[in-house]
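**Q** I'd like to ask some things about the structure below.
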Amino acid sequence: MRSAAKDDLPEIFLGYERKHNRVGGYHLCSGFYAGSLAALLCLFCWISSSVLASLLGFQIAWKVVLVVQLVSWTAQFVGHGAFERRAPALLDNILQAFIMAPFFVLFEALHNFFGYEPYPGFHVRVTSMVHEEIEDYRNTKGELLS
């Protein structure tokens, strides 16, 4: 059973597509301070990857990227299997896996290190939703096994 607090959250956390879904605009719509930081991080990654590619050259750069991607995706699946005992969000919802999950991690980091919330009570609401989803998953898993 889902709580009514879920209706109070921004659309981004409910899985709806935004009208402006470009990376920077997407993050800015999700909370000005966190969105600005996310947009700056995207810009930093783009610039640093361009510099790395120009320093290494295309022949080596794509191989480095391939190895990093393979190691990262392997760690993602092994980590989910070993520690969470469930499939990554990628298998449920690709939009959630590539856009919402990184932003969720950014919100968690900002909250843990600086106490940031886009509005009062945000962290409590999201945490309760996460616990409800975990409980629903466990109940569903138990029903499937019996």
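The values are calculated or read from the model by the stated rules, or taken from the named source; none is laboratory data. It should be emphasised that the depicted structure is a prediction, and the values quoted were computed from it without experimental measurement. Cβ: placed from backbone, ideal geometry, glycine included. Neighbour counts: every protein chain shown.
**Q** Give the residues of the stretch 89-121 that are free of Cβ contacts under 8 Å to residues at least 24 places away in the same chain and either over 26 Å from Gln69 (Cβ atoms) or in contact with a Lys or Arg (Cβ under 7 Å, 6 or more places away or on another chain) (or both), sorted by residue number.
**A** If the condition is that a residue be free of Cβ contacts under 8 Å to residues at least 24 places away in the same chain and either over 26 Å from Gln69 (Cβ atoms) or in contact with a Lys or Arg (Cβ under 7 Å, 6 or more places away or on another chain) (or both), then His111, Asn112, Phe113, Phe114, Gly115, Glu117, Tyr119, Pro120, Gly121 are the ones that fit.
**Q** Using the structure shown, decide if Leu55 is at pLDDT 80 or above and either touching a Gly at 6+ places or on another chain (Cβ under 8 Å) or at negative phi (or both).
**A** In short, yes.
**Q** Mind counting the residues in the stretch 24-45 that are surrounded by 15 or more Cβ atoms within 10 Å (Cβ to Cβ) and at pLDDT below 80?
**A** 7
**Q** Given the criterion over 28 Å from Glu135 (Cα atoms) and surrounded by 11 or more Cβ atoms within 10 Å (Cβ to Cβ), identify the matching residue among Trp73, Trp62.
**A** From the options Trp73, Trp62, the qualifying one is Trp62.
**Q** Something else about it: Restricting attention to the stretch 81-91, which residues are exposed (fewer than 11 other Cβ atoms within 10 Å of the Cβ) and within 14 Å of Ile134 (Cβ to Cβ)?
**A** Phe83, Arg85
**Q** Yes or no: the stretch 106-113 includes at least one residue that is touching a Ser or Thr at 6+ places or on another chain (Cβ under 9 Å), surrounded by 11 or more Cβ atoms within 10 Å (Cβ to Cβ) and not β-branched (Val, Ile, Thr).
**A** Yes: one or more hits.
**Q** In the stretch 44-62, is there at least one residue being over 16 Å from the mean Cα position of the chain (by Cα), within 26 Å of Gly115 (Cα to Cα) and of a type in the set (Phe, Trp, Tyr)?
**A** yes
**Q** Let me ask another. Mind listing whichever residues of the stretch 70-123 are of a type in the set (Asp, Glu) and closer than 14 Å to Gly35 by Cα?
**A** Passing the criteria: Glu108, Glu117.
**Q** Show the residue pairs that are 6+ apart or on different chains and have beta-carbon atoms under 7 Å apart, the first residue being within the stretch 68-87 and free of Cβ contacts under 8 Å to residues at least 40 places away in the same chain, the second being surrounded by 11 or more Cβ atoms within 10 Å (Cβ to Cβ) and not in a loop (DSSP other than H, G, I, E, B).
**A** Ala87/His80
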